[in-house]
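What follows is a structure written as structure tokens; I'll ask about it next.
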Amino acid sequence: MKIRDGIGEEGYDWFTGSVLRKVGDGEHTSFWLDRWVGDVPLCRRFSWLFNLAENKLATVASNSL
Amino acid sequence: MLAECRAIISNIFLQPYVSDSWQWHPDHVGGYSVRSGYAILTSQDHQLLDDAQSLIWHPQVPSKVSILTWRLLRDRLPTKINLHDRGILPVTDISCVGGCGHIETANHLFILCDFFGDIWQHVRSWLGFSGVDHQNIGAHFIHFTNYSVA
């Protein structure tokens with residue numbers, strides 16, 4: 001049994017998969033790269049949108065879609 | 001896709017003056033503990049490695065061979081693609097050292113490469129067996145070590 005099904009990609013180990021970001025004001029959480037909503041970072045879940053994003057390092061606070 | 005993404009984040013409300021923080025998913029309340037990390041690791045299934053384990057760490061196998069095999073089966077050998085992933089080699093320098101033009105992964109280097117992969121046929125004929133190779137290193141390892149008991 002995998003820790004979480006569907007997540008077997010390289011660079012996504014058991015530890016990374018067990019830590020998530022708890023968002024307060026969103027000033028220090030990466031919108032795309034941190035795992036703060038859902039099971040995977042948004043850059044993986046919405047890779048197509050991520051490719052289009054102008055600022056890939058945007059914070060949660062600064063990113064209003 | 002955009003709508004789906006919007007829907008997900010529309011349920012999240014930022015809290016001013018509250019700092020973002022890390023959270024240990026298996027235990028939100030108590031936070032990280034060695035116990036919970038241990039529980040995760042021991043609940044994982046490494047079936048193939050378990051089968052291979054007693055073969056890798058066999059007392060008659062020299063330790064340098066055991067360690068090489070262990071690293072190979074975990075894909076921790078410094079192949080060019082692994083060195084690239086760790087930021088050591090540029091993407092322009094990841095093709096196989098054998099000069100065949102393919103990307104140098106462990107699987108390629110040990111099995112698929114026309115140059116190096118040939119060795120298994122030679123070893124087989126030396127042992128007096130015939131057969132074909134697995135495309136996967138773990139399966140190949142189990143398969144090949146079975147020759148020693150056959």
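Touching a residue at least 40 places away in the same chain (Cβ under 8 Å) and surrounded by 12 or more Cβ atoms within 10 Å (Cβ to Cβ), is that true of B:Leu73?
Details: touching a residue at least 40 places away in the same chain (Cβ under 8 Å): yes; surrounded by 12 or more Cβ atoms within 10 Å (Cβ to Cβ): yes.
The answer is yes for B:Leu73.
Out of all the residues in segment A:13-26, which are out of contact with any helix residue (DSSP H, G or I) (no Cβ under 9 Å at 6 or more places or on another chain), assigned to a loop (DSSP other than H, G, I, E, B) and within 7 Å of chain B (Cβ to nearest Cβ)?
A:Val23, A:Gly24, A:Asp25, A:Gly26
Could you grab me the full set of residues in segment A:23-65 that are surrounded by fewer than 20 Cβ atoms within 10 Å (Cβ to Cβ), touching a Phe, Trp or Tyr at 6+ places or on another chain (Cβ under 7 Å) and within 19 Å of B:Trp22 (Cα to Cα)?
Selection gives A:Asp25, A:Cys43, A:Ala58, A:Thr59.
Here is a further query. Looking at segment A:31-42, which of its residues are more than 10 Å from chain B (Cβ to nearest Cβ) and touching a residue at least 24 places away in the same chain (Cβ under 8 Å)? Break it down stepwise before answering.
Restricting attention to segment A:31-42, the residues satisfying the condition of being more than 10 Å from chain B (Cβ to nearest Cβ) are A:32-33, A:40-41.
Selection gives A:Trp32, A:Leu33, A:Val40.
On the given criteria, is B:Pro26 within 27 Å of the chain's Cα centre (by Cα) and either of a type in the set (S, T, N, Q) or not assigned by TED's automatic domain parsing to the domain that holds B:Phe110 (or both)? I'd like the intermediate steps shown before the answer.
Numbers: within 27 Å of the chain's Cα centre (by Cα): yes; either of a type in the set (S, T, N, Q) or not assigned by TED's automatic domain parsing to the domain that holds B:Phe110 (or both): yes.
Considered against the rule, which asks whether it is within 27 Å of the chain's Cα centre (by Cα) and either of a type in the set (S, T, N, Q) or not assigned by TED's automatic domain parsing to the domain that holds B:Phe110 (or both), B:Pro26 comes out as yes.
The values are calculated or read from the model by the stated rules, or taken from the named source; none is laboratory data. Keep in mind that this is a model prediction, so the values were computed, not measured. Reconstructed Cβ throughout: ideal geometry from the backbone, glycine too, with neighbour counts over all protein chains shown.
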